[in-house]
Amino acid sequence: VIPPPSPRRACLVTGASSGLGAAFARALAARGHGLSLTARRADRLQTLAGELRERWGTPVSVHPCDLGSEADRRALIDAVAGEGRAIEVLVNNAGFALSGPFAGQDSQLLEVMRVNGEAPAHLCETYVPGMVARGRGAILNVSSIAAFAPLPSFAAYAAAKTLVLNLTLALHAELRHRGVTVTALAPGAMRTEFAEVSGTASLAAGIPGRLWSPPERVAEAGLRGLDRGQPLVVVGVAYRALAMLAHHTPRRPLLATLARASARGWPSEH
Ligand SMILES: NC(=O)c1ccc[n+]([C@@H]2O[C@H](COP(=O)([O-])OP(=O)(O)OC[C@H]3O[C@@H](n4cnc5c(N)ncnc54)[C@H](OP(=O)(O)O)[C@@H]3O)[C@@H](O)[C@H]2O)c1
């Protein structure tokens, strides 16, 4: 279960300046939780914090941080510790994708691995011991439907999201009898800033309307799954079917299909 709100505890939400992260922050504030919000864009975080304080009267702190930088993450962890509130809910949501051919992605490729993979692992490593010692805690790690298959044209992103998925499932099994619940959330398409940031707006335009979920709904589904102690939440019947299919299809035919789809769906290569 999600530990109940308390003035001595807070939820740390990463990537709260936009999209799904902002939806998590709003949903947790509505439940009465104190919050620590992080992302790079301080102005966005401050605006959201102001909104949440005014609407819910809940304590909200803001800690701008580039989660791709280990030094920045250490400063974030110190700043959060300095507030004297125990982090009992951790939402590792920040992330971005890189699309296109693997060759030529240079330093951005490592950034994808750091932000999507290394940062959630680092924050889990930081906050799990305290949660275990108190016998209380909840961690929601945002993976993706992309985690269920190797994805040509999204190789690093899909691999980083697979890391998050399997790290989360293993932690779930390890910690479930110690009072700490850990859940992976694998969203499908959501209308956030994601497509623009990853340069996939034209790809997104081809996704049928019924496959899009509002981030607010996805955040609620994730928190419900976390509260119920589920290891994995995949939002929507179509995405659950897709995840099953990707998981059970032999790799060779799966890769051949995905390679064809990638060749068709990546317009700027042609
Ligand atoms: N939208 C989708 O279709 C979709 C589908 C499946 C999974 N997801 C996953 O859902 C999560 C939320 O994405 P979203 O859809 O809400 O996208 P979004 O609107 O682009 O939000 C991404 C958030 O991550 C933060 N972020 C990115 N790089 C960062 C960095 N280096 N340091 C700190 N924060 C960083 C951004 O904040 P700043 O720019 O202010 O730093 C922003 O708050 C991501 O993990 C994404 O991979 C999204």
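The values are calculated or read from the model by the stated rules, or taken from the named source; none is laboratory data. Predicted model only: the values in this text are computed from it and were never measured. When we count neighbours, we look across all protein chains shown, and the Cβ atoms used for this are built from the backbone with ideal geometry, even at glycine. Only protein heavy atoms, including side chains, enter the accessible area calculation; ligands, DNA and RNA are left aside. Shrake-Rupley method; radii C 1.70, N 1.55, O 1.52, S 1.80 Å.
Things to note:
- The H on the amide N of Leu35, modeled in the peptide plane, is under 5 Å from the matching H of Cys11, Val60, Ser61, each at least 5 residues off or on a different chain.
- For Gly137, residues with placed amide H under 5 Å, excluding near neighbours: Thr181
- Charge sum, other residues only, whose C-beta stays under 11 Å from Arg114's C-beta, Lys/Arg counted +1 and Asp/Glu -1: -4
- Dipole-positive endmost among Pro59, Ala25, Gly137 within the chain (Cβ charges, Cα centre): Gly137
- Dipole of the stretch 45-107 [Lys/Arg +1, Asp/Glu -1 at C-beta], most positive-end residue of Val89, Gly100, Leu76: Val89
- Over the stretch 38-77, relative contact order from alpha-carbon pairs under 8 Å, at least 6 apart, %: 42 percent
- Loop-resident trypsin sites (Lys or Arg not before Pro) (DSSP state other than H, G, I, E or B) in the stretch 1-41 with no more than 14 further Cβ atoms inside 10 Å of their Cβ: Arg8, Arg41.
- Carbon + sulfur, % of accessible area of the chain - ligands and nucleic acids excluded, 1.4 Å: 58 percent
- For Met131, the shell of other residues with beta-carbons less than 10 Å away shows a net charge of +2, using +1 for Lys and Arg and -1 for Asp and Glu.
- The Cα atoms of the stretch 20-76 cover 33, 19, 19 Å along the three principal axes, with the biggest extent listed first.
- The magnitude of the dipole of the chain, with charges of +1 and -1 set on the Cβ of Lys/Arg and Asp/Glu and taken from the Cα centre, is near 860 debye.
- Residue-averaged 222 nm ellipticity for the chain, from DSSP H runs of 4+ at -39500 (n - 2.57), nearest 500: -16000 deg cm²/dmol
- Taking the Kirkwood radius as Rh and the Cα radius of gyration as Rg, the chain has a ratio of Rg/Rh equal to 0.96.
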